Amino acid sequence: MSLFRKIFGLKDKPEDHIKSEERGKYMPEIKLPIDEQFTINFKANGGKFLYCVNMQEINTSLLNIMKENNWEDSKVLIYDERLKDMFKDFNLNSTQTVSESAYFLSTCEYLISDDGSLLISSNQIAEKKLKELPSNFIIYATTSQFVQNIGEGLRGIKDKNKDKIPTNITTIKHFKTAEDKDFLTYGSSSKNLYLLLLEDL
């Protein structure tokens, strides 16, 4: 993955870098790798991105997020039993009641590179609308969840859930807080969102 090669100082092949002036005027645009495209769009949407190479880094990042926001003793909304098990050492004060929770800890279906959004469904949010959920999200995902566009993500959901396709499929795209709203985000439910991304490829 080219973005992570850059982060960790791995060398690209010389042909990976073609200067724009060497390319013809009518040549197609050089398409960014899927992971790099997602990262750029996700950050432009206002999301906070934490890349981790193992579960120890995931745990450290989660602990830092909780400390930064003073959520150590706060209640957390979790619908996914696998996450409760994964983070059992944190002794999370989990609840099923939205009004009691300071933040929402969840997974997602896919990471959409085209627009830097997260595709979620009833597997993550049950039948809740985004505006009914807490304004603070921590999403755990892996690099194998990158897809180019929503169409690919929807096909992936259909393929994974042949017996029963989940309902309430939507995307989270606006991650700035409510004070940052402008006419482009009007009517959407902005979230303060942290993405814990685990390298699994």
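Please treat every number below as a calculation from the coordinates, not as lab data. These numbers were taken from a predicted model, which means no experiment stands behind them. Quick reminder, even Gly has a Cβ in these numbers, built from the backbone with ideal geometry, and neighbours come from all protein chains shown.
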³J(HN,Hα) across the stretch 63-76 via Karplus (A = 6.51, B = -1.76, C = 1.60, θ = phi - 60°), whole Hz, x for Gly/Pro? 4, 5, 4, 5, 5, 4, 9, 6, 9, 4, 9, 7, 7, 10
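Return an integer: the convex hull volume of the alpha-carbon atoms of the stretch 32-126, in Å³ per residue. All intermediate terms of the calculation are to be shown ahead of the outcome.
Values: hull volume 10.7 nm³, N = 95.
Spelled out: Cα convex hull of the stretch 32-126, divided by residues, is 113 Å³.
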What nm distance separates the two modelled labels at Ser135 and Lys67, each placed 7 Å from Cα along Cα→Cβ? 2.6
Under 5 Å between amide H atoms, partner at least 5 residues away or on a different chain: which partners does Leu133 have, H built in plane at 1.01 Å? none
Once fully extended, how much extra length lies between Ile30 and Lys158, figured as 0.36 nm per residue of separation less the alpha-carbon to alpha-carbon distance? 43.0 nm
Over the stretch 90-178: Rg over Rh, Cα atoms, Kirkwood Rh: 0.97
